[in-house]
Structure formats: structure tokens, C-alpha cells
Amino acid sequence: MSSGFPIDLHTHSLRSDGAYSPEALVARAAQRGVHVQALSDHDTLSGVAEAMAAGSRLGVRIIPATELNTESEWGDVHILGYFLDPADAALEDRLRWLREHRGRRIELMVEKLNALGYAVSLERVLEIAQGGSLGRPHLAQALFEAGHVPTYDAAFDTLINKSSPAYVSRVGLTPVEAVRLVVEHGGVPSLAHPGTAFDLPMLVPLLVAAGLAGIEAYYGVHSPSDTAAFLRLAITHGLVPTGGSDFHGRGEHGAELGGLFVPPESIGALEARRPMASAASI
Ligand code: AMP
Ligand code: FE
Ligand code: FE
Ligand code: ZN
């Protein structure tokens, strides 16, 4: 099993809403010919040590990362933070706060679903998550298992999307706060799957002013003209074009591990954007 591309800067494990353990995820990436992989679990760096151990055995360089989903009028704005330090206690405090809010939000969504007649138990959702940062994908899987929807994807489309009565908005960071958090902790922020944000011509300059360094131009569901538009934005704002599969292991987001071209020079360009104060060798 090999794939075309050696770099994947966006992947998720069981430490958040992915289906594979960090070790199994890295093993799968290695099998597919990936040599550089960012583990970008939502609001946690807890899988990085396990991924690095597997990576050093299997010849995969692991870049420690996280993905911060934000709440604002700008739509789905997710910020990837690269080169963060799993031993940074102050960062971990902030990430724990975000994870606690994730948990409460899912609890509230379970209550709403039950009130609407879609019986689903919080216990089962927690079992599915196996201790990872809770998110709607765990809820989607529980709804699918309970037979309330015909497919996993249908749970998103019909029951837990923003326009559904079971939806609960996030308590968390705004896009600018997420970018600042990454920069303050010595990391390098990139705007994930920019096609899900609203009004990029207005949003991107605000994020750049806060320290945004990259934009995920290469992404599974982007058309060639989408990618070209995001590359133009990158040039206009001096951003590093990044890319990744956003692999979770359930067939979503249109790409396998290592399934996307990512320019090899993006790694060095991201490293060059690390704030000097903490440019240790992670
Ligand atoms: P949450 O952070 O709990 O709001 O969940 C958002 C996550 O759900 C995203 O990071 C994606 O991994 C996943 N997701 C969002 N929309 C969909 C969808 N339509 N199909 C599959 N996964 C989705
Ligand atoms: Fe996710
Ligand atoms: Fe995302
Ligand atoms: Zn993601």
C-alpha cells in the first residue's frame, strides 16, 4: 500500500476525533509512503509522544500540532498550530479549558437529541471517544450505531449541523484568539481548509495581523480553482501554502493519509516562521 505523496500536515488520531491510535495512524502513514506527518488532534497534544516514538521506528518525522476550532461570525474557521510543545504547561491549561468546553457542549447536544426523540447515551459517546477530545464525530457515530441515521455522514447532514435543532454552539476561542494562542506559545499558525470560512478577503488580513503564517491551500475537497485562489491569497499576504488530508479514518474530507500534494518547501518555510524565542528543535 503506497501513495503518491510524502508530506501530510493535517491528521487526527483517537486522542481527538480520529479512529486510529497515534501509533496505528503513523504506521498507516508510513505504509503509504509518508515521511513527514503533523499530528493535529483537536485541542490536544497528548498523542504526540506516542506518534513520535512510532515515527522514529518507522522513519516518519512527526510535527507536533493541534487544530483549534473557533466560534465566530466567520463560519467554520479552524486554526492549525504547528511546532507546539507538549510539555508547555501554560498551553496545556488553555487546551484543557477548551476540551472541558467540548465535553459540556456534547453533553448539551446529547440532552437536546434525547428531548427531540433521538435516544443516544452520553456513556456510549464517551466509550466511542476512548478518552479523546470530545467532538461531534463521536456523537455522529453514536447516532449512526443507534440507527437514527442511515450513514455516519447523514448524522452531520441532518441532525448535528449548525441549522439543526440539536446544535449547540461552541464556547471557545475566536479565530484571532486562536492565532494568538499559537503564536504566544511559540507555534506557527495556518488557516485549515479555508473554504469553510466566510469572507476570506476580510478575515485573512485580520488573522495575518494576529500572526497567521500559513494557509491550507492543498486540501481534499478543494477544486483546482479553489487551490489556485488560496495560493493567490498566500502570495498576497505572504503566507506559507500548507496542505493535508485531515484524515480521521472514517472516509470523510475526501483524502487518504498522504493523499495530497504538499510542496516540500512548505516545511522549511513554516520552520522559518517559528517565533525566535522558542525555536528549539522540536
Ligand atoms: P466539533 O469540533 O465537535 O464541532 O466537530 C467538528 C469536526 O467534525 C470537524 O473537525 C470534522 O472533523 C468533523 N465534521 C464536521 N462536519 C462534518 C461532516 N459533514 N462530515 C464528516 N465530518 C464532519
Ligand atoms: Fe475533526
Ligand atoms: Fe478542521
Ligand atoms: Zn482536522
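Each value in this text was obtained by applying a stated rule to the coordinates, not by laboratory testing. It should be emphasised that the depicted structure is a prediction, and the values quoted were computed from it without experimental measurement. Note that each Cβ is placed from the backbone with ideal geometry, even for glycine, and that neighbours are counted across all protein chains shown.
Describe numerically, in nm with one decimal, the distance between label points set 7 Å from Cα along Cα→Cβ at ARG61 and at GLU271.
0.5
Which whole-angstrom value gives the distance between the alpha carbon centres of the stretch 228-261 and the stretch 1-51?
Between the Cα centre of the stretch 228-261 and that of the stretch 1-51, the gap is 15 Å.
Tell me which of SER133, PRO189, LEU68 sits at the most positive position along the dipole axis of the chain, charges placed on C-beta atoms (Lys, Arg +1; Asp, Glu -1).
The Cα lying farthest towards the positive end belongs to PRO189.
Only four residue types carry charge here, +1 at the Cβ of Lys and Arg and -1 at the Cβ of Asp and Glu. Report the dipole size of the stretch 82-142 about the Cα centre in Debye, rounded to the nearest 20.
Details: 9 positive and 9 negative charges, 60 e Å.
It works out to roughly 280 debye.
Sequence gap at least 6, Cα distance under 8 Å: using those rules, report the relative contact order of the stretch 181-282 to the nearest whole percent.
Details: 139 pairs, mean separation 29.5, N = 102.
For the stretch 181-282, the relative contact order is 29 percent.
Taking 0.36 nm per residue of separation and subtracting the Cα-Cα distance, what length does fully extending ALA146 through GLU184 add?
Numbers: separation 38, 0.36 × 38 = 13.68 nm, distance 4.27 nm.
Result: 9.4 nm gained on full extension.
So for HIS12, HIS237, HIS185, HIS42, fewest C-beta neighbours within 10 Å to most, what's the order?
On the way: HIS12 29, HIS237 14, HIS185 20, HIS42 23.
Listing HIS12, HIS237, HIS185, HIS42 from fewest to most nearby Cβ atoms yields HIS237, HIS185, HIS42, HIS12.
Once you keep just the Cα pairs under 8 angstrom separated by 6 or more residues, what percentage relative contact order results for the stretch 1-53? Let's see the in-between values first.
Details: 80 pairs, mean separation 24.0, N = 53.
Computed over the stretch 1-53, the figure is 45 percent.
Dipole of the stretch 140-268 (Lys/Arg Cβ +1, Asp/Glu Cβ -1, origin at the Cα centre): which of ALA209, THR158, GLY258 lies farthest to the positive side?
ALA209
Using a simple charge model, +1 on the beta-carbon of Lys and Arg, -1 on the beta-carbon of Asp and Glu, nothing else, what dipole does the chain show about its Cα centre, in debye to the nearest 20?
160
As an exercise, take the mean of 1/r over every pair of distinct alpha carbons in the chain, invert it, and state the Kirkwood radius in angstroms.
Values: mean 1/r = 0.0529 Å⁻¹.
It is 18.9 Å.
Would you tally the net charge around ALA217, using a Cβ to Cβ cut-off of less than 15 Å, leaving ALA217 out, and scoring K and R as +1, D and E as -1? Don't skip to the answer; put the middle values down first.
Details: positive: ARG232; negative: ASP8, GLU216, ASP226, ASP246, GLU265.
Charge balance near ALA217 sits at -4.
Relative contact order for the chain using alpha-carbon pairs under 8 Å, separation at least 6, rounded to a whole percent? Working shown, then result.
Working: 580 pairs, mean separation 64.6, N = 282.
Normalised by residue count, the contact order of the chain is 23 percent.
Just how large is the dipole of the stretch 1-82 about the Cα centre, in debye to the nearest 20, putting +1 at every Lys and Arg Cβ and -1 at every Asp and Glu Cβ? It would help to have the intermediate numbers written out before the result.
On the way: 5 positive and 10 negative charges, 126 e Å.
Magnitude of the dipole: close to 600 debye.
Under a Cβ-Cβ cut-off of 15 Å, what is the net charge of the residues other than SER72 that fall near it, where Lys and Arg count +1 and Asp and Glu count -1? Write out the running numbers ahead of the final one.
Numbers: positive: LYS162, ARG170, ARG180; negative: GLU71, GLU73, ASP76, GLU177, ASP199.
Net charge in that neighbourhood comes out at -2.
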